[in-house]
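What follows is one structure encoded as structure tokens, with my remarks underneath.
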Amino acid sequence: MNTGPIDKNSARRSFDQAADGYDGAAVLQREMADRMLERLDYVRLDPRLVLDLGAGTGYAIEGLQKRYRRARILALDFALAMLHRARDRGSWLNRPRCVCADVEALPLADASVDLVVSNATLQWCNDIQGTFGECLRVLRPGGLLMFTTFGPDTLWELRDAWAAADGHSHVSPFLDMHDVGDALVRARFADPVIDAERLTVTYDKAGELMRDLKVLGAHNSTSERSRGLTSRRRLAAVEQAYETHRRNGRLPASYEVVHGHAWAPEQRQVEGGVAVPISAIGRGRAFEL
């Protein structure tokens, strides 16, 4: 299953460039993280190692440390500049360990992690089923995956405005929550639960939304994107088209937030039904800060 194709090099550059201003603009992402972490309050788990997958600047780390005071936190992201900020999170006695790597090829040993959390990251994966497979591989039997990502109704107003202006792809694609659930099942997770909610951020002008997206590093990184510079005339056309969505004096930016969690089975199975022994071989390429 494919959400892309996402140009990973382009996405990595965008997030590296966004690191300095990211926290100031990431209002929605913080709200998503808070809501995801609240769901952990209803889960009985005493993890020794927690993996924050796509940690960014590490906002979720302090919330994880408060819930799991004895756990070690591992922050993993493909943008090195983001991790430089994440490594300063937490108390001085319990800083997270930070690893720069791609979430689609985790440089971690099999069955080495008790809990994987991931906030607003999976939409940057080209193979979400393969990414879930990597999460399952590194989880210990009985471990938990908890995540948020974006559904296809995200930023539909902006997509509509761009379509009216030039017809090019300017908003990255997002998977339907049912496809996300199917990918979890095919990756052989147990008891997957998927639901979605709608969140809306409002703006006075469409240009404010586009500036926020630029500050967040959330550029369109699909390989089909237009490679030319966007003219002022075209941006003005987008802003004019966006005006058709104005409600109560404000312009809405809609986000479909997909929540999901699933468990690593107590025994790993292959096609023939034979239990697979768990090895301790790391994969992928990475370096630690």
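Going Cα to Cα from K8, which lysines come in below 19 Å? Please leave out same-chain ones fewer than 8 positions away.
K214
Rounded to whole Å and sorted largest first, what semi-axes of the equivalent ellipsoid does the C-alpha gyration tensor of the chain yield via the square root of 5 times each eigenvalue?
Details: eigenvalues 226, 84, 64 Å².
Result for the chain: semi-axes of 34, 20, 18 Å.
Nearest 10 degrees, 0 to 90: what angle lies between the long axis of helix 8-18 and the longest principal axis of the chain (Cα atoms)?
Approximately 70 degrees, to the nearest 10.
How far is helix 232-242 tilted off the main Cα axis of the chain, in degrees rounded to 10, range 0 to 90?
Approximately 80 degrees, to the nearest 10.
So how tilted is helix 128-138 from the main axis of the chain? Cα-based, degrees 0 to 90, rounded to 10.
30
Mind checking which of S91, S14, S112 has the largest fluctuation in a GNM of the chain, springs on alpha carbons under 10 Å?
Sorting by GNM fluctuation, first place goes to S91.
Describe numerically, in nm with one decimal, the distance between label points set 7 Å from Cα along Cα→Cβ at T200 and at E62.
A separation of 3.1 nm, rounded to one decimal place.
Normalising by the residue count of region 31-172, find the relative contact order in percent from Cα pairs under 8 Å and 6+ residues apart.
22
In 10 Å bins starting at 0, how do the alpha-carbon pair distances of region 21-160 split up by percent?
12, 44, 36, 8, 1
Give the calculated FRET efficiency between R44 and R69 to the nearest 0.05, with a Förster radius of 22 Å applied to their Cβ-Cβ distance.
Numbers: r = 16 Å, r/R0 = 0.72.
Taking R0 as 22 Å, the efficiency between R44 and R69 is 0.90.
Using R₀ = 35 Å, calculate the FRET efficiency as 1/(1 + (r/R₀)^6) where r is the Cβ-Cβ separation of R30 and D166; round to 0.05. Let's see the in-between values first.
Working: r = 32 Å, r/R0 = 0.93.
Efficiency for this residue pair is about 0.60.
Nearest 0.05, what FRET efficiency do Q267 and R234 give at R0 = 45 Å with Cβ-Cβ as r?
Values: r = 56 Å, r/R0 = 1.24.
Result of the calculation: an efficiency of 0.20.
With only alpha-carbon atoms in the gyration tensor, what are the semi-axes of the equivalent ellipsoid for region 84-188, in Å, largest first? Can you show the working numbers first?
Working: eigenvalues 186, 77, 26 Å².
Equivalent ellipsoid semi-axes, largest first: 31, 20, 11 Å.
Can you give me the pair-distance distribution of region 60-111, C-alpha pairs, 10 Å bins, whole percents?
25, 49, 26, 0
Quickly work out the S254-to-A109 label distance, labels modelled 7 Å from Cα along the C-beta direction, and quote it in nm with one decimal.
A separation of 4.8 nm, rounded to one decimal place.
Values quoted throughout were computed directly from the atomic coordinates according to the rules given, and no laboratory measurement underlies them. Since this is a predicted model, take the numbers as computed values, not measurements. Cβ atoms come from the backbone with ideal geometry, glycine included; neighbour counts cover every protein chain shown.
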